1. Restricting attention to the stretch 1-16, and to residues there that are of a type outside the set (S, T, N, Q) and open to solvent by less than 30 Å² (accessible area, probe 1.4 Å), which single residue is nearest to Arg75 (Cα to Cα)?
2. Select, from Leu50, Leu46, Leu32, the only residue that is in a helix (DSSP H, G or I) and touching a Pro at 6+ places or on another chain (Cβ under 9 Å).
3. Counting only residues that are open to solvent by 40 Å² or more (accessible area, probe 1.4 Å), touching a strand residue (DSSP E or B) at 6+ places or on another chain (Cβ under 7 Å) and not hydroxyl-bearing (Ser, Thr, Tyr), how many does the stretch 30-45 have?
4. For the stretch 62-74, state whether one or more residues are small (Gly, Ala, Ser), modelled with pLDDT under 65 and open to solvent by less than 50 Å² (accessible area, probe 1.4 Å).
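The values are calculated or read from the model by the stated rules, or taken from the named source; none is laboratory data. Keep in mind that what you see is a predicted model, and the values were worked out from it rather than measured. Heads up, the Cβs are rebuilt from the backbone with ideal geometry, glycines too, and the neighbour counts pull from every protein chain shown. With ligands, DNA and RNA removed, areas are computed over all heavy atoms of the protein, side chains included. Shrake-Rupley method; radii C 1.70, N 1.55, O 1.52, S 1.80 Å.
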Amino acid sequence: MTKIRELASICKSKNAGPFDLTIDVMFDSQELFDRVERTGVLNAALFAKLYQVSEQDVLFTPYRAARAFKATLPRLIPAGAFGDSDVYGAQQHGPLLEVDIPV
């Protein structure tokens with residue numbers, strides 16, 4: 001097993017408005033992207049589980065042209081609301097980094 005943090009060249013989260021968050025997982029090579037895609041590990045159900053939202057609320061897109069997987073999901077706390085400690089959406093990809101991808 002190999003962790004996403006060891007395979008992905010970029011794993012970032014960003015604001016997609018005050019109520020949504022987008023997480024991008026990008027790979028340097030088509031070979032790596034294909035390897036991860038074949039496993040089926042990255043999917044809407046995984047993002048729903050990691051970020052405690054409904055699977056129906058996750059828009060998951062394998063984006064082959066960019067060798068990336070994109071997931072857009074609701075922010076648990078709207079940007080700028082009381083209790084929001086991540087106004088830039090840049091801290092929320094952490095749980096994804098530890099996901100194992102089979103060899």
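1. So in the stretch 1-16, the residues of a type outside the set (S, T, N, Q) come out as 1, 3-8, 10-12, 14, 16.
Among the residues that remain, those that are also open to solvent by less than 30 Å² (accessible area, probe 1.4 Å) are: 4, 7-8, 11.
Numbers: Ile4: 22, Leu7: 26, Ala8: 23, Cys11: 17 Å.
The extreme case among them is Cys11.
2. After applying the criteria, what remains is Leu50.
3. 2
4. Within the stretch 62-74, not a single residue is small (Gly, Ala, Ser), modelled with pLDDT under 65 and open to solvent by less than 50 Å² (accessible area, probe 1.4 Å).
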